[in-house]
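The values are calculated or read from the model by the stated rules, or taken from the named source; none is laboratory data. Worth saying up front: this structure is predicted, and the values here are computed from it rather than measured. Here the Cβ is made from the backbone with ideal geometry for all residues, glycine too, and neighbour counts use every protein chain on show. Note: accessible area is taken over every heavy atom of the protein model, side chains too, but ligands, DNA and RNA are not part of it. Shrake-Rupley method; radii C 1.70, N 1.55, O 1.52, S 1.80 Å.
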Amino acid sequence: MLRVRSVILQSWKGFKTFPCAAVEVKNEPILGFKEGSKERSQLEKALQNLKGKTEEIPCVIGNEEVWTKDVRYQLSPFNHSHKVSKFCYADKELLNKAIEASVAARREWDLKPVADRAQIFFKAADIISGPKRAEVLAKTMIGQGKTVVQAEIDAAAELIDFFRFNAKHAIQLEQQQPLDSDGSTNTMLYRGLEGFVAAVAPFNFTAIGGNLAGTPAIMGNVVLWKPSDTAMSASYAVYKILRESGLPPNIIQFVPADGPVFGDTITSSEHLAGINFTGSVPTFKRLWKQVAQNLDIYRNFPRVAGGLGSNGIKNEILIMFNLKLGKKGVCLISLVDSNSISLTN
């Protein structure tokens, strides 16, 4: 899916780009899973392997797998007797430990060339596209109640595109430099934020969780990833693929947590540099207010970005129409407008 082409020196809107090898990517093809196809056979096998099993998912700080006493379970939404995963909530002490470890690793990661960081995400995309596609899809289907089509366009195609296109754009961004003038040479350096980014993921999209945590990391940031309780299994699969692809320890910390505990802990840390959020309006407002109230303790001004669902007041609006059809009686039509699907940043 990747190919390299030469880019010539050119100026564009006050910027210059340099001769280099530019990565070209294409949208990941959406597979059909037709009867007898290879992808269908692999998915059926992956689904069968998960049947009746409970995956144990720890908090991961660096290379350390940690269990707390606050144990939780992810249930399959269409079969509540199936405990898809067993996981635990990180407490305040563990979250602060994750913050300290991330901040300690930040400088070395930020100094790594963007092309090197991008290669990790290109590799992760290739793994999801190939050998781990069925696993990620199966965990999305069973854990989040999605059909094969819904899982394919989310956990495979969209997530792969996030990793590939964001990595490509990161490389291109660094290549664009201000124009020089007589007597001066102008250079722009893209640096990660001085602190950590908190990634708060939604319940309904595997791809969004990977994107919220992955994109800041591509740009040289360290991240605390709080996955959703109801997307735990698929999120952990994505995290493990990133580590398998060469992501160093402490760059993305995998920390399931109670929402208010996580929010209170990150917003009270002097090292908070950003929040990357997808979810409800009330939760986002709460985080934003906490950041505003704590501005005096931070080492910088945290960036707060949110993709939100509807107006946060109601997720479902039910509209009823009564249509009289003469002697044929009354036809009742119900239109349900659901705004529960969150948007990406």
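Residue 13 is checked against (1) surrounded by 11 or more Cβ atoms within 10 Å (Cβ to Cβ); (2) modelled with pLDDT under 95 and fails just one. What number does that condition carry?
Tallying (1) surrounded by 11 or more Cβ atoms within 10 Å (Cβ to Cβ); (2) modelled with pLDDT under 95, residue 13 fails exactly one: (1).
Pick from the stretch 264-286 the residues that are open to solvent by less than 40 Å² (accessible area, probe 1.4 Å) and free of Cβ contacts under 8 Å to residues at least 40 places away in the same chain: which of them is farthest from residue 194 (Cα to Cα)?
Ranking the qualifying residues of the stretch 264-286, first place goes to 281.
Of all the helices (runs of 4 or more DSSP H) wholly in the stretch 95-161, which have at least 3 residues that are of a type in the set (Phe, Trp, Tyr)? Spell out the reasoning first.
Numbers: elements: 114-129, 133-144, 148-151.
Ranges flagged: none.
Which one of the conditions (1) in contact with a helix residue (DSSP H, G or I) (Cβ under 6 Å, 6 or more places away or on another chain); (2) acidic (Asp, Glu); (3) closer than 20 Å to residue 304 by Cβ does residue 194 fail to meet, given that it meets all the rest?
In the conditions (1) in contact with a helix residue (DSSP H, G or I) (Cβ under 6 Å, 6 or more places away or on another chain); (2) acidic (Asp, Glu); (3) closer than 20 Å to residue 304 by Cβ, residue 194 misses (1) alone.
Restricting to the stretch 178-196, what's the tally of residues that are within 27 Å of residue 213 (Cα to Cα) and of a type outside the set (D, E, K, R)?
Initially, the stretch 178-196 is screened for residues within 27 Å of residue 213 (Cα to Cα), giving 188-196.
Remaining after also requiring of a type outside the set (D, E, K, R): 188-190, 192-193, 195-196.
So the count comes out to 7.
Counting just the residues of the stretch 16-32 that are surrounded by 15 or more Cβ atoms within 10 Å (Cβ to Cβ) and closer than 20 Å to residue 158 by Cα, which one comes out modelled with the lowest pLDDT? So that I can check it myself, show each step before the final result.
Of all residues in the stretch 16-32, those surrounded by 15 or more Cβ atoms within 10 Å (Cβ to Cβ) come to 16-17, 20, 22-23, 25, 28, 31.
Adding the requirement that they be closer than 20 Å to residue 158 by Cα leaves 23, 25, 28, 31.
On the way: 23: 75, 25: 92, 28: 98, 31: 98.
The residue in question is 23.
For residue 57, are the conditions met, namely being buried (at least 16 other Cβ atoms within 10 Å of the Cβ) and either at pLDDT below 95 or within 23 Å of residue 269 (Cα to Cα) (or both)? Please lay out each step first, then the result.
Details: buried (at least 16 other Cβ atoms within 10 Å of the Cβ): yes; either at pLDDT below 95 or within 23 Å of residue 269 (Cα to Cα) (or both): no.
No, not satisfied.
Quick one: which residue in 81, 85, 41, 76 is under 24 Å from residue 126 (Cβ atoms), at pLDDT 95 or above and among the polar types (S, T, N, Q)?
41
Scan the stretch 190-203 and give yes if some residue there is under 21 Å from residue 131 (Cα atoms) and open to solvent by less than 30 Å² (accessible area, probe 1.4 Å), otherwise no.
Here is the first cut: in the stretch 190-203, the ones under 21 Å from residue 131 (Cα atoms) are none.
No, the conditions are met nowhere in the stretch 190-203.
Can you report the number of residues in the stretch 162-195 which are among the hydroxyl-bearing types (Ser, Thr, Tyr) and within 21 Å of the chain's Cα centre (by Cα)?
Narrowing the stretch 162-195 to residues among the hydroxyl-bearing types (Ser, Thr, Tyr): 181, 184-185, 187, 190.
Then keep just the ones that are within 21 Å of the chain's Cα centre (by Cα); that gives none.
Looking only at that region, the number is 0.
Find the residue count for the stretch 265-298, including only residues that are out of contact with any helix residue (DSSP H, G or I) (no Cβ under 7 Å at 6 or more places or on another chain) and charged (D, E, K, R).
Matching residues across the stretch 265-298 total 3.
Restricting to the stretch 85-107, name every residue that is of a type outside the set (Asp, Glu), closer than 22 Å to residue 73 by Cα and either without any contact (Cβ under 8 Å) to a residue 12 or more places away in the chain or open to solvent by 70 Å² or more (accessible area, probe 1.4 Å) (or both).
Applying the first criterion (of a type outside the set (Asp, Glu)) to the stretch 85-107 yields 85-90, 92, 94-99, 101-107.
Checking the rest, the ones that are also closer than 22 Å to residue 73 by Cα come to 85-90, 92, 94-95.
Listed by number, the list holds a single entry, 92.
Taking the stretch 260-290, which residues are within 20 Å of residue 91 (Cα to Cα) and in contact with a Ser or Thr (Cβ under 7 Å, 6 or more places away or on another chain)?
Within the stretch 260-290, 287, 290 qualify.
Of all residues in the stretch 33-48 being free of Cβ contacts under 8 Å to residues at least 12 places away in the same chain and surrounded by 12 or more Cβ atoms within 10 Å (Cβ to Cβ), which is farthest from the chain's Cα centre (by Cα)? I'd like the intermediate steps shown before the answer.
Initially, the stretch 33-48 is screened for residues free of Cβ contacts under 8 Å to residues at least 12 places away in the same chain, giving 34-38, 40-41, 44, 48.
Subset that is surrounded by 12 or more Cβ atoms within 10 Å (Cβ to Cβ): 37, 40-41, 44.
Details: 37: 29, 40: 26, 41: 28, 44: 26 Å.
That would be 37.
What's the number of the condition residue 177 fails, among (1) open to solvent by less than 20 Å² (accessible area, probe 1.4 Å); (2) at pLDDT 95 or above?
(2)
Collect the residues in the stretch 52-77 that are among the basic types (Lys, Arg), touching a residue at least 12 places away in the same chain (Cβ under 8 Å) and not in a strand (DSSP E or B), keeping them in residue-number order. Spell out the reasoning first.
At the first step, the residues of the stretch 52-77 found to be among the basic types (Lys, Arg) are 53, 69, 72.
Filter again for touching a residue at least 12 places away in the same chain (Cβ under 8 Å), leaving 69, 72.
Answer for the stretch 52-77, where residues must be among the basic types (Lys, Arg), touching a residue at least 12 places away in the same chain (Cβ under 8 Å) and not in a strand (DSSP E or B): just 69.
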